[in-house]
Amino acid sequence: MSNRQRLELTWIGKENRPKLEPRILLEDPGKSYHAPHRVTDDDVFDNWLIFGDNLLALKALEQEFTGKIKCVFIDPPYNTGSAFSHYDDGVEHSIWLSLMRDRVELLRTILSEDGSIWITIDDTESHYLKILCDEIFGRQNFVANVIWQKKSSSQSNATWLSDSHDHVLVYAKNKEIWRPAKLVRTEEQNAIYKQSDEYDGIDASGRNYGRGPWFPGDFTISLTTGQRGKQFAKTGISTNLYPIITPSGREVLPAKGRCWAYTKDSFERLKAEHRVYFGKDGKSKPTVKRFLSEIESQGVVCMTVWHYSEVGENRIAAVEVKAFNENDPFSAPKPELLLKRILELSTKPGDLVLDSFSGSGTTGAVAHKMGRKWIMVELGEHCHTHIIPRLKKVVDGTDRGGITDAMHWNGGGGFRYFHLAPSLLEKDNWGNWIINRAYNATMLAEALCKLEGFQYAPSDSTYWQHGHSTERDFIFVTTQTLSAEKLDELNDEVGRQRSLLVLCLAFRGKADRWPNLTVKKIPKTVLARCEWGHDDYSLQVKNLPQAPPRKGQQELFVGAGNGRR
């Protein structure tokens, strides 16, 4: 598609991007929690609950977790204009788009190549969010728009139509390699296999044809779609178009626009194996016997409409949340069955799941019970009033709601609690940027490693090795003023085969004097890197400065790439 034809979403402030500071994370052992002993050999203890702004938290996770998250699930504020007690869910439209864009871009970065993202949203912003995600992930990586029935009854006070569904937008990092798992078959799905295969012969390989109940599956497929359709449209020939003679002697062909699902040779083989059924009188068009014994373990391909009876509804989720906080129930939580369905499709035990809009903590609770590792981020105080009490019950095995019984969950594992460190730089009384006085030497070294793209890994034996980018490239952080003699000594110790980035408060001599060292002053060397002292990028109007509108610019439109509406 040419640039003149390419559609893109445009809004005021789209060009404004925050210069995020990659903060370090500080663990609070007093809020971390784990079971006193292992319940099973598969217990996971290294799950992360992060308290803080989710955009800064994602930036903090970027270096360590890029390419490692198998599944992202987010339930962002829907921007409905409603007043929720735990969220400001009425952000001006263009600002909402900017804030979502910044988060989804980071989420895509940390997804594994075979990972997927699942986003719940309602009609207020779903179509705009779809286009936004198309830009970030590429339209070719759009998987589906799942419709989840979130309410089972009509709202009598609805002004127009009673809202009964949400969307779940699904994107793959790379759709060419990502495949969803199949769902476990239910008793209802197995019940359609009623036919009995009474033939009890033995074939050449010794197999018995008494293979139990079966279902008559369609013997035809579309002739107009996919590669087969393109070939037929071009040549008018298909190897799957041929007459079949029924046992009664009637000649049959597929319906118009269809062809047999099997070539003539495959048909003859299936017929010889008594897998083709022509009806009781032998006059009907063929169907293929699909035996329950052969497909029971294969699972079922998931459909895109999810009924509340399968994955729960908001009413059920509210009951689940009240079990751990009856006095302050969370608004519009997601049911555990919904998250179970998503994680069944997108992950396996041991995979890493991330939710950066954690709400009441459903994602972590479900992932924990299903044996997945998880990371959750939450800024609101309900991180402490809702999420931690809920997760403690999951770990203790005292949470008996949700999917607990279905997963035979009896507790175990644990989680670590982190909060974002304060900004590395702060202003002194005279308005000058200085290193934040809350930082000790260890925090400073870790923060500057992250800023400079080094892996923080302080050496036990070499004082100047605080981190490394390669096996021969190191970083040294100090608040001292280094003399020329001290840098001479460092240069000799590093040697010609290695290199060292030295970040110090000040130094004597010219920076290019030491061939094995790169010497820089802090905070001067990092001043222009980030927005220092910015702690809140949450979904509120006040947290995103807007550029003044350009002359003639519309507030919001979906238009062609050449600027026309």
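The values are calculated or read from the model by the stated rules, or taken from the named source; none is laboratory data. Source: prediction; values computed, not measured. No Cβ is skipped: glycine too gets one built from the backbone with ideal geometry, and neighbour counts run over all protein chains shown. Keep in mind that these areas ignore ligands, DNA and RNA; they rest on the heavy atoms of the full protein, side chains included. Shrake-Rupley method; radii C 1.70, N 1.55, O 1.52, S 1.80 Å.
Screening the candidates Arg290, Arg269, Arg275 for the property of being under 15 Å from Trp214 (Cα atoms) and either hydroxyl-bearing (Ser, Thr, Tyr) or free of Cβ contacts under 8 Å to residues at least 24 places away in the same chain (or both) yields one hit, Arg275. For the structure I just gave you, tell me whether Asp473 is within 38 Å of the chain's Cα centre (by Cα), over 26 Å from Ile50 (Cα atoms), modelled with pLDDT of 95 or more and surrounded by 12 or more Cβ atoms within 10 Å (Cβ to Cβ). So Asp473 passes the test.
Summed over region 321-340, residues that are at pLDDT 75 or above and open to solvent by 30 Å² or more (accessible area, probe 1.4 Å) total 2.
Check region 52-67 and report whether any residue there is part of a strand (DSSP E or B), hydrophobic (A, V, I, L, M, F, W, C) and modelled with pLDDT of 95 or more. No, there is no match, as no residue in region 52-67 is part of a strand (DSSP E or B), hydrophobic (A, V, I, L, M, F, W, C) and modelled with pLDDT of 95 or more.
Being at pLDDT 80 or above and open to solvent by less than 20 Å² (accessible area, probe 1.4 Å): is that true of Val301 here?
Details: at pLDDT 80 or above: yes; open to solvent by less than 20 Å² (accessible area, probe 1.4 Å): no.
No, not satisfied.
Tallying residues that are charged (D, E, K, R), closer than 19 Å to Lys264 by Cβ and without any contact (Cβ under 8 Å) to a residue 60 or more places away in the chain within region 214-246 yields 1. Of the set (1) among the basic types (Lys, Arg); (2) closer than 22 Å to Gly453 by Cβ; (3) modelled with pLDDT under 95, all apply to Arg498 but (3).
All of (1) under 44 Å from the mean Cα position of the chain (by Cα); (2) surrounded by fewer than 13 Cβ atoms within 10 Å (Cβ to Cβ); (3) of a type outside the set (Asp, Glu) hold for Ala272 with one exception: (1). Given the structure, is Glu310 closer than 30 Å to His386 by Cβ, part of a helix (DSSP H, G or I), modelled with pLDDT of 85 or more and not aliphatic (A, V, I, L, M)? The answer is yes for Glu310. When region 477-497 is filtered for residues that are buried (at least 18 other Cβ atoms within 10 Å of the Cβ) and not aliphatic (A, V, I, L, M), the ones remaining, listed by number, are Thr478, Asn491. Residue under question is Trp464, and the condition is that it be in a loop (DSSP other than H, G, I, E, B), in contact with a strand residue (DSSP E or B) (Cβ under 6 Å, 6 or more places away or on another chain), under 27 Å from Lys59 (Cβ atoms) and touching a residue at least 24 places away in the same chain (Cβ under 8 Å); does it hold? Judged against the criteria, Trp464 is not a match. Within region 43-68, the residues that satisfy the criterion of being open to solvent by 10 Å² or more (accessible area, probe 1.4 Å) and of a type in the set (A, V, I, L, M, F, W, C) are Val44, Phe45, Trp48, Phe51, Phe65.
Of all the criteria given as (1) of a type outside the set (Val, Ile, Thr); (2) at pLDDT 90 or above; (3) open to solvent by less than 10 Å² (accessible area, probe 1.4 Å), the one not satisfied by Leu99 is (2).
Which residues, counting only those in region 335-352, are of a type in the set (A, V, I, L, M, F, W, C) and within 14 Å of the chain's Cα centre (by Cα)?
Leu339, Ile342, Leu343, Leu345, Leu352
If you filter region 346-386 down to residues that are of a type in the set (A, V, I, L, M, F, W, C) and either modelled with pLDDT under 95 or open to solvent by 10 Å² or more (accessible area, probe 1.4 Å) (or both), you find that the one that is farthest from Asn314 (Cα to Cα) is Leu352.
Applying the selection to region 120-151, what residues are among the acidic types (Asp, Glu), in contact with a strand residue (DSSP E or B) (Cβ under 8 Å, 6 or more places away or on another chain) and crowded, with 17+ Cβ neighbours inside 10 Å?
Passing the criteria: only Asp134.
Within region 184-196, is there a residue that is farther than 25 Å from Lys280 by Cβ, under 30 Å from the mean Cα position of the chain (by Cα) and at pLDDT 85 or above? Checked region 184-196: no residue is farther than 25 Å from Lys280 by Cβ, under 30 Å from the mean Cα position of the chain (by Cα) and at pLDDT 85 or above.
Checked against (1) at pLDDT 65 or above; (2) open to solvent by less than 80 Å² (accessible area, probe 1.4 Å), Lys234 passes all but condition (2). Against the list (1) modelled with pLDDT of 90 or more; (2) open to solvent by 60 Å² or more (accessible area, probe 1.4 Å); (3) under 25 Å from the mean Cα position of the chain (by Cα), the condition Pro29 fails is (3).
Listed by position, the strands (runs of 3 or more DSSP E) contained in region 401-440 that have at least 2 residues being open to solvent by less than 20 Å² (accessible area, probe 1.4 Å) are 414-420.
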